[in-house]
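Trainee: Pasting a structure here, questions to come.
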Amino acid sequence: MSWLRRNLVVIAGLITLAFLILPNLVVLVFSFNKPKGRFNYAWQEFSLDAWRDPCGVADLCGSLALSLQIAAWATLGATVLGVMVAFALVRYRFRARSTVSALIFLPMAMPEVVMAASLLTLFLNMGVQLGFWTILIAHIMFCLSFVVTAVKARVMSMDPRLEQAAQDLYAGPVQTFLRVTLPIAAPGIAAGALLAFALSFDDFIITNFNAGSTVTFPMYVWGSAQRGTPVQINVIGTAMFAVAILLVLAGMLIGNRRKKQAR
Amino acid sequence: MTTTLTKPPGAAPAAPPPPRPRKPRGRFTPYWLLLPGILWLLVFFALPMVYQASTSVQTGSLEDGFQVTWHFATYWEALAEYWPQFLRSVLYAGAATVLCLALGYPLAYLIAFRAGRWRGVVLILVIAPFFTSFLIRTLAWKTILSDGGPVVSVLNSLHVLDVTSWLGLTQGDRLLATPLAVICGLTYNFLPFMILPLYTSLERIDGRLHAAAGDLYANPFTTFRKVTFPLSMPGVVSGTLLTFIPASGDYVNADLLGSTDTRMIGNVIQTQFLRILDYPTAAALSFILMAAILFIVTFYIRKSGTEDLV
């Protein structure tokens, strides 16, 4: 009884963890399903068909490639702009600083649907053709704040004396930035870029409003919920999950090795 | 002539290098750094808000085009027609936020204090669901909650569904297409946004405070109530905001897991904008949602007294 009392929080936490992971397991299991009819919601029989032919459904892999492409460009754009803003915010005192901070914070405190709808009114009023470019513009817009936040946190915790030391050792501003500042800020920049990639790749609501007839991967999944869900969706979902887990594990291994070397 | 040349060899350089300015950066450097990013946000975030406000007071039709006529009545008409969806959004998002806090706190606590060497693994498992498209995972809930599925039969045999349908959360022996399914989906989708800030603020707590509370004869519950929970308030505040805000504007869960009776304000804005093409009404609704959220956020932050959200 006292064991139960001591470990109540552990049990509750593990239940939450199960709640979080259950859908991923369902996605995995149902990637081996052979559904009757168009929808893959009820278990029928085991089959490897979808894994043998992940691109077997029309437009699926095309939408995936488009999403990866948009995510890559959006990450690049948001990271470059975000790093510049973050450095300006941390390193300089200037007028309108609090206004800039508020402008960075607001997109994160706004329901996505509001940003999506208002951006659409802009594009409609300007007569802009909806498609790849409008999606990219929107993604850079909402990823920017997250990059700034991630990079800012890292740069703020940086010891400014390191840069002063570099300058005392006759490093020019460019050299100081490239050889001291950037390597120290790199984990923050990497975290921001990864977040931007994940957000852009998985974004649905803002894309739904500003895509026109362009179909990204989330748009494809959304459409399939109406038309019929091919098993291949689960295959791609599971593969994405596996790749990401492998990347995280690889990152951890490298990090551990670095730590050991540093010792 | 030049004394410096006749200096005895081996002596330390007499004159220190000319003092270079510590920060040889120009006055305008911060502005150049800010310019592209801020311009992007001004044009594609702030300006659209202005356009949205303008659209909401326009009248006209798709064929003849829309004109600004300062027709503020759109706001009243929109509120009069769609107040149930607004109310529903607040209720569903509120319920999901409370559930997220109740489910997320033990897990955040577990990671911060009890996981030991499993901490990294559990943290990865919390973030891992993000790696699969959230739409695919939301569709998986359709399978989990399906009629006659294991969840429904267990809840049915425990008579839980009787209670929930008495509360109006479910209908008969169904879970899908009910408010409960939508709340469940919202809770699931935004749970990591609750857990991560909670974990961050719990992790900062000095473990010796717990020991001190124990030394002062506080039992574990009192320690939690008087020490741990108050110190984790920043996490609670940012977690609830990060859950409530996106949940209140969400339309994916209500669409995939709900029915026409569970439509939230996001659903209305989406249909008005993308299917009915009644732009003024849609813009007005979106504007009201934005104002409501800003009001709630400001009030909540003032009340809880934490400014350092992100």
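Trainee: Using Cα pairs closer than 8 Å and at least 6 residues apart in sequence, work out the relative contact order for the range A:58-185, in percent.
Mentor: Numbers: 69 pairs, mean separation 47.6, N = 128.
Relative contact order comes out at 37 percent.
Trainee: Here is a further query. Kindly provide the pair-distance distribution of the range B:92-264 built from C-alpha pairs, with 10 Å bins from 0 and whole-percent values in order of increasing distance.
Mentor: Reading the bins upward from 0: 10, 31, 30, 21, 8, 1.
Trainee: Treating only the Cβ of Lys, Arg, Asp and Glu as charged (+1, +1, -1, -1), what charge dipole size does chain A show about its Cα centre? Round to the nearest 20 debye.
Mentor: On the way: 20 positive and 10 negative charges, 207 e Å.
The dipole magnitude comes to about 1000 debye.
Trainee: Check the protein assembly as shown and count each lysine pair with an alpha-carbon distance under 20 angstrom, considering only pairs eight or more places apart or from different chains. Don't jump to the answer; show the numbers that get you there.
Mentor: Numbers: A:Lys34/B:Lys142; A:Lys36/B:Lys142; A:Lys152/B:Lys23; B:Lys226/B:Lys303.
Lysine pairs, 8 or more places apart or on different chains, close enough: 4.
Trainee: Right, something else. Among B:189-200, A:245-256, B:165-176, A:25-36, how do they line up by average Cβ neighbours within 10 Å per residue, starting with the highest?
Mentor: On the way: B:189-200: 24.2, A:245-256: 11.7, B:165-176: 16.2, A:25-36: 18.4.
Result, highest mean first: B:189-200, A:25-36, B:165-176, A:245-256.
Trainee: Sticking with this one: Where does the charge balance sit around B:Gly207 when Lys and Arg score +1, Asp and Glu -1, over other residues with C-beta under 15 Å from its C-beta? Don't skip to the end; give the middle numbers.
Mentor: Working: positive: B:Arg114, B:Arg119, B:Arg204, B:Arg208; negative: B:Glu203, B:Asp206, B:Asp215.
Surrounding charge for B:Gly207 is +1.
Trainee: Under a point-charge model restricted to the Cβ atoms of Lys and Arg (+1) and Asp and Glu (-1), what is the dipole moment magnitude of the protein assembly as shown relative to its Cα centre, in debye to the nearest 20? Present the calculation step by step, with values, prior to reporting the outcome.
Mentor: Values: 41 positive and 26 negative charges, 587 e Å.
In debye, rounded to 20, the protein assembly as shown gives about 2820.
Trainee: Also, quick follow-up: Please list, in order along the range B:144-150, the HN-Hα scalar couplings obtained from phi with the Karplus expression 6.51 cos²θ - 1.76 cosθ + 1.60 (θ = phi - 60°), rounded to whole Hz, x for Gly and Pro.
Mentor: Those phi angles translate into 4, 8, 4, 4, x, x, x Hz.
Trainee: Another question, then. Highest mean first, how do A:73-84, B:248-259 rank when packing is the count of other Cβ atoms within 10 Å averaged over residues?
Mentor: Details: A:73-84: 22.5, B:248-259: 24.2.
Peptide ranking by packing, descending: B:248-259, A:73-84.
Trainee: Related question: For the range B:213-224, in order, what is each residue's ³J(HN,Hα) by Karplus, 6.51 cos²θ - 1.76 cosθ + 1.60 with θ = phi - 60°, in whole Hz (x at glycine and Pro)?
Mentor: 4, x, 4, 8, 6, 7, 7, x, 5, 5, 4, 5
Trainee: Let me ask something else about it. Within the protein assembly as shown, which cysteines find no other Cys whose Cβ is under 4.7 angstrom from their own?
Mentor: A:Cys143, B:Cys100, B:Cys184
Trainee: Show that you can apply the helix-only estimate: for the protein assembly as shown, add -39,500 (n - 2.57) for every DSSP H stretch of four or more residues, divide by all residues, and state [θ] at 222 nm to the nearest 500.
Mentor: Working: 27 runs with 385 residues, N = 573.
Calculated from helices alone, the mean residue ellipticity at 222 nm is -22000 deg cm²/dmol.
Trainee: Write out the chymotrypsin sites (Phe, Trp or Tyr not before Pro) in the range A:78-118 meeting two conditions: DSSP loop, and at most 11 other Cβ atoms within 10 Å of their Cβ.
Mentor: Numbers: sites: A:Phe87, A:Tyr92, A:Phe94, A:Phe105; in loops: A:Tyr92, A:Phe94.
Counting only loop positions with at most 11 other Cβ atoms within 10 Å, none of the chymotrypsin sites (Phe, Trp or Tyr not before Pro) in the range A:78-118 qualifies.
Trainee: Just counting partner chain Cβ atoms within 10 Å, what average do the residues of peptide A:237-243 show around their Cβ? List each step's numbers first, then the result.
Mentor: Values: counts 8, 2, 1, 4, 8, 2, 1.
Mean shielding count: 4.
Trainee: Per-residue mean of other chain beta-carbon atoms within 10 angstrom of the beta-carbon, peptide B:102-112?
Mentor: Numbers: counts 2, 7, 3, 4, 10, 10, 2, 4, 9, 2, 0.
Averaged over the peptide's residues, the number is 5.
Trainee: Okay, next question. Before anything else, pin down the relative contact order of chain B: Cα pairs under 8 Å, at least 6 apart, normalised by residue count, whole percent. Don't skip to the answer; put the middle values down first.
Mentor: Working: 306 pairs, mean separation 75.7, N = 310.
Value for chain B: 24 percent.
Trainee: Right, next: Within 10 Å of each Cβ of A:21-30, how many other protein chain Cβ atoms are there on average? Before the final figure, lay out each step's value.
Mentor: Details: counts 4, 7, 14, 8, 2, 8, 8, 2, 2, 4.
The per-residue average across the peptide is 6.
Trainee: Okay, moving on. What is the local net charge at A:Gly82, summed over the other residues whose Cβ is closer than 14 Å to its Cβ (Lys, Arg +1; Asp, Glu -1)? Mind showing how you got there, number by number?
Mentor: Working: positive: A:Lys152, A:Arg154; negative: none.
It works out to a net charge of +2.
Trainee: Additional query: For A:Ala71, what charge total do you get from the other residues with a beta carbon under 15 Å from its beta carbon, if Lys and Arg give +1 and Asp and Glu give -1? Write down the numbers at each step before the final one.
Mentor: Values: positive: none; negative: A:Asp202, A:Asp203.
Once positives and negatives cancel, what remains is -2.
Bear in mind that the values in this text are calculations on the coordinates, not laboratory data. Remember, it's a predicted structure, so these values are computed and weren't measured experimentally. As a convention, Cβ positions derive from the backbone with ideal geometry for all residues, glycine included, and neighbour counts pool all protein chains shown.
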